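Once you've had a glance at the structure underneath, I'll fire off some questions.
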Amino acid sequence: MLNCYTHQKNQNAISLLAFNRPQLNDWLVSQDQTIKNMVASLGFVADVGQTALLFDKEGSLTKVLVGMGDENDLSVFGTMARQLPEGVYVAENLSGTDSYHAYLSWGLGNYQFTAYKKSKPLLAKLYLPESYAQYGYLKAILDATYLVRDLINTPANDMMPSDLTEAVMNLAEKFGGKVETTIGDDLLAANYPTIHTVGRASHHAPRLIDFRWGNEAHPKVTLVGKGVCFDSGGLDLKTASGMLGMKKDMGGAAHVIGLAYIIMSLGLPIRLRVLISAVENAVSGNAYHPGDIIVTRKGLSVEVTNTDAEGRLILSDALCEASTEHPELLLDFATLTGAARVGLGTDLGGFFTTDDDFAQKMHEMSEREHDYLWRLPLHKPYRRDLDSKVADIMNTVLTGYGGAITAALFLKEFVGEGICWGHFDIMAANVKNTSTGLEGGEAHTLRAVARYLCERFPA
Ligand code: BES
Ligand code: MN
Ligand code: ZN
């Protein structure tokens, strides 16, 4: 059992009651005058995140009221997990999907990144009935989300390509499966020129991490992750403020590791392949230059118009390799463009696909999981903006318009015909504390995709 929950309800258990305004009024009707007075004097009206702590005559905390506002925002349970004093809390007025979201938010809110700085342990525990059938699912999601956040939050000095390999090795140890890595100059021999080119200037050798798991007879799902352990921008160097957060540029890799964790711990009938292009986009005497032309694994030549558009380069060889097996589903995850962040803000994942059914289902799963994404178009006419005078394609458009779309169109060139492909251009971080997650590494679109996989490939 995760230690933010308990199955034990002792006699000192504290009621945790979540209300919107009408629910609060209904509840108050049946309460005695003391409680009515306390609630009134605290000014508690069930606004989002508002809390009221109610004590009995002996001074013991017996009830916590929390407001969900008009929008019935169950994520307030996340803030509760961090703010409530030690004790066992019983969420008493929940039902069905409400309990899943309340329990989930509590678990998400309970995360702390403590590897480099001690922090106060969180001692509030939420009671989960032993009969709660979704616990296995909840635990898989939370374990994976914590793993994703830890990987992203770990700074680049401790999270280089070899550390990503280790994270994948840990999965293999826990669940079985096979890891193969192609490292450094071997990338040239094995024909992964883009990964080598982008990563060669770093002291930490670039690599392709290739993980396989599952029964040969099951449908193949391949996950591809952008593992840029630090993105300085290369020679087209980023500004100081642009560079500051770039330890998170392996967020896509963290996401595919998290998804693999969920798939394997739930035992989904999937033949899984995970490909991670792991590099540092560094500056050195042998760094690749603006203007360089790379002949990719697929054979397409790419003119590098900006070395800061490194993610699409290293993903292109991985997508090309993934496509040779014609998987049933091919998904890639990447902190690919600032443009997706300008368009959608930090929380909404940018989502591209060639498959309308898949898009519709992903939107449904996103709503259901409160894990938001929005489909952007693979608008064909913009492909011309990537035409190069000296190569088959440029890695960036020179105007800069539609940056998330043109990045996705670039990737599409390397995806095999007829493959159901989804591309997730994500932030992978919170820029401020929210109820369910602190500032720092965050899983985006992970729960929506996990739910989709569970529905399409039920265990
Ligand atoms: N990793 C960045 C994109 C990014 C920036 C994601 C900020 C999330 C937050 C990516 O490698 C990059 O630098 N993209 C450039 C592309 C440009 C040179 C066409 C960008 O978005 O500015
Ligand atoms: Mn970049
Ligand atoms: Zn990048």
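Which of 377, 155, 12 sits closest to the plus end of the dipole of the chain, meaning its Cα is farthest towards the positive end, when Lys and Arg get +1 and Asp and Glu get -1 on the C-beta?
12
Say each of residue 347 and residue 244 gets a label point 7 Å from the Cα, pointing the same way as Cα to Cβ; how far apart are those two points in nm?
The two pseudo-label positions are separated by 2.2 nm.
Using only alpha carbon pairs under 8 Å that are at least six residues apart, calculate the relative contact order of region 394-449 and give it in whole percent. Please list the in-between numbers first.
Working: 34 pairs, mean separation 11.7, N = 56.
The value is 21 percent.
Tell me, in nm to one decimal, what length is gained between residue 190 and residue 10 on full extension, where the rule is 0.36 nm per residue of separation less the Cα-Cα distance?
Residue separation times 0.36 nm, minus the Cα-Cα distance, leaves 58.7 nm.
Now, a different point. Any chance you could give the angle, 0 to 90 degrees and rounded to 10, that helix 356-369 forms with the longest Cα principal axis of the chain?
The two axes meet at around 30 degrees.
Can you give the accessible area per residue of region 46-119, in Å², using a 1.4 Å probe?
46 Å²
With bins 20 Å wide starting at 0, give me the P(r) of the chain over every alpha carbon pair, in whole percents.
Over the chain, the share of Cα pairs per 20 Å bin runs 25, 51, 21, 4, 0 percent.
Here is a further query. For the chain, take the longest principal axis of its alpha carbons; what is the angle in degrees between that and the long axis of helix 251-265, to the nearest 10 within 0 to 90?
Between the helix axis and the principal axis of the chain, the angle is about 60 degrees.
What FRET efficiency, computed as 1/(1 + (r/R0)^6) with R0 = 30 Å and r the Cβ-Cβ distance, is obtained for residue 174 and residue 217, rounded to the nearest 0.05? Numbers along the way, then the final one.
Details: r = 23 Å, r/R0 = 0.75.
Rounded to the nearest 0.05, the efficiency is 0.85.
Let me ask something additional. Tell me which lysines have Cα within less than 21 Å of residue 57's Cα, excluding those fewer than 8 residues away on the same chain?
36
At residue 57 and residue 387, where each label point lies 7 Å from the Cα along Cα→Cβ, what is the point-to-point distance in nanometres?
It is 8.6 nm.
Using only Cα atoms, tell me the angle between helix 446-456 and the longest principal axis of the chain; keep it within 0 to 90° and round to the nearest 10.
90 degrees
Taking the Cα centre of the chain as the origin and placing charges on Cβ (Lys, Arg +1; Asp, Glu -1), which of 87, 145, 282 is farthest toward the positive end of the dipole?
Value computed over the given set: 87.
Excluding residue 104 itself, calculate the net charge of residues whose Cβ lies under 12 Å from the Cβ of residue 104, where each Lys or Arg counts +1 and each Asp or Glu counts -1.
Value of the local net charge: +1.
To continue, here is another question. With +1 on each Lys and Arg Cβ and -1 on each Asp and Glu Cβ, and nothing else charged, work out how big the dipole of region 68-171 is about its Cα centre, in Debye to the nearest 20.
Magnitude of the dipole: close to 380 debye.
Sort the following peptides by mean Cβ neighbour count (other Cβ atoms within 10 Å, averaged over residues), highest first: 41-50, 64-73, 27-36.
Ranked by mean Cβ neighbours within 10 Å, highest first: 64-73, 41-50, 27-36.
Could you work out the helix-only [θ] at 222 nm for the chain, with each DSSP H run of four or more residues adding -39,500 (n - 2.57) and the total divided by the number of residues, to the nearest 500 deg cm²/dmol?
Value at 222 nm, helices only: -10500 deg cm²/dmol.
Here's something else I'd like to know. How much of the accessible area of region 20-94, in percent, comes from carbon and sulfur atoms when a 1.4 Å probe is used?
Of all accessible area on region 20-94, carbon and sulfur atoms account for 48 percent.
Accessible area of region 138-456 with a 1.4 Å probe: how many percent of it is carbon plus sulfur? Show your work: numbers first, answer last.
Values: 5950 of 11770 Å².
Carbon and sulfur atoms account for 51 percent of the accessible area of region 138-456.
Wrap a convex hull around the Cα atoms of region 322-385, take a quarter of its surface area, and give that in square nanometres.
For region 322-385, the mean projected area of the Cα convex hull comes to 5.6 nm².
A further question follows. Please give the length that would be gained between residue 98 and residue 166 if that part of the chain were fully extended, namely 0.36 nm times their separation in residues minus their C-alpha to C-alpha distance (nm, one decimal).
20.8 nm
What is the gain in length, in nm to one decimal, between residue 284 and residue 368 on full extension, counting 0.36 nm per residue of separation less the C-alpha to C-alpha distance?
25.6 nm
The values are calculated or read from the model by the stated rules, or taken from the named source; none is laboratory data. Here the structure is a predicted model, which is why all the values come from computation and not from measurement. Methodologically, a virtual Cβ is constructed for each residue, glycine included, from the backbone with ideal geometry; neighbour enumeration extends over all protein chains shown. Areas reflect the complete protein model, heavy atoms only, side chains present, ligands, DNA and RNA absent. Shrake-Rupley method; radii C 1.70, N 1.55, O 1.52, S 1.80 Å.
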